[in-house]
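First up is the structure itself, then whatever we jot down about it.
The values are calculated or read from the model by the stated rules, or taken from the named source; none is laboratory data. Quantities reported herein were computed from a predicted structural model and do not represent experimental measurements. When we count neighbours, we look across all protein chains shown, and the Cβ atoms used for this are built from the backbone with ideal geometry, even at glycine. Quick note on the areas: whole protein, heavy atoms, side chains included, nothing else; ligands and nucleic acids left out. Shrake-Rupley method; radii C 1.70, N 1.55, O 1.52, S 1.80 Å.
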Amino acid sequence: MSTLNPHQHAPLVTVLIPAFNAGKTIERALRSVLVQRIESFEILVINDASNDDTAAIAESIGIKELRLVSLQKNLGECGAMNTGLGLACGKYIAFLDADDEWLPGKLIKQIALLETNPNMVFATCGCLFVDAIGNPLREFGLHPPSKPQDIWRDLLGASCVAKPCVVARADVIKATDGFDLALRVAGDQDMEIRLASQGEVDFIEDTLVIVHDTPGSLTKVHAQRIADFVMPMVKNRISHLQDRLSAAEIRRILGIRYSFIGRNLYDAGMIVMGLRYIARGITQGDRVGENLWYMITASPPARFLKNLFRHGSN
């Protein structure tokens, strides 16, 4: 493990990569950092007690800016991230998962935004989700849903930011209590809400990140548990921000969030649980007609008929 000489100038940005059994993907992630046109940076890889060759591969690339920290006990994503926050030396912290990658120009565009606006707590960008063989699935997080100072309200209702897209001010994020260790999923969403409630958030309206939505990704592994963590997290954030929200806004936010979770569960094949959450969204008044139509058109029989028609027309 390399360490930063205290007499050296601190880097402009710390790239923070938590990694657990990422031997197959860590090199791709690291090389995507090296193509960024940033002269002053460090890469901090937190090897979360992997039992594969993650550490060896990370070191074998020979990146002089790399600091590798190998934990003896697995702390989970939030624990690994907190370890990294405590060691990061950069003015900004850029987050990257070990199975994802950045496209050229990402860092320089986002840091330019942050450098020109001291009220901006983090900058984000769009990403493209791809499957295990690289086929595009969907774009995400391309456009700001509202004004920079109001993004926290949108984040309460639905996620519109992916963690590998975020570059945040280190002083702001270090002044928080860190990532919530109780959250097995949605720890990044919780942190993004907390950061956004303290200032402005700006979007680079361009796809600058590739997110690999693979069977082993956290999204897949914990999909069935998302409802256990996300709604309590949102309600907890609302309780901390309720003096800035009206009763009508809280009802609207809860409706949007129930529908958002329900659709994700529905799309993941958890039909009964998804329907339950969408119904909760409807009872909160969220897009009643649209949600009812979604439940009809996205149902398994409807999908079967669509596929049958599609194949029949080819």
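Select, from Leu44, Leu34, the only residue that is at pLDDT 95 or above, open to solvent by 60 Å² or more (accessible area, probe 1.4 Å) and closer than 24 Å to Ile111 by Cα.
Values: Leu44 fails: open to solvent by 60 Å² or more (accessible area, probe 1.4 Å).
Answer to the selection: Leu34.
Residues of segment 186-213 that are at pLDDT 95 or above and of a type in the set (D, E, K, R): Asp188, Asp190, Glu192, Arg194, Glu200, Asp202, Glu205, Asp206. Candidates Pro148, Pro164: the one that is in contact with a strand residue (DSSP E or B) (Cβ under 9 Å, 6 or more places away or on another chain) and surrounded by fewer than 22 Cβ atoms within 10 Å (Cβ to Cβ) is Pro148. Right, Leu183: modelled with pLDDT under 95 and open to solvent by less than 60 Å² (accessible area, probe 1.4 Å) or not? Criteria met by Leu183. Checking Ile133 against (1) touching a residue at least 40 places away in the same chain (Cβ under 8 Å); (2) under 29 Å from Asp206 (Cα atoms); (3) hydrophobic (A, V, I, L, M, F, W, C), which test does it fail? Result: Ile133 fails condition (1) only. Evaluation of Ser159 against the conditions (1) touching a helix residue (DSSP H, G or I) at 6+ places or on another chain (Cβ under 6 Å); (2) surrounded by fewer than 23 Cβ atoms within 10 Å (Cβ to Cβ); (3) outside any loop (DSSP other than H, G, I, E, B); (4) of a type outside the set (A, V, I, L, M) shows that the sole unmet condition is (3).
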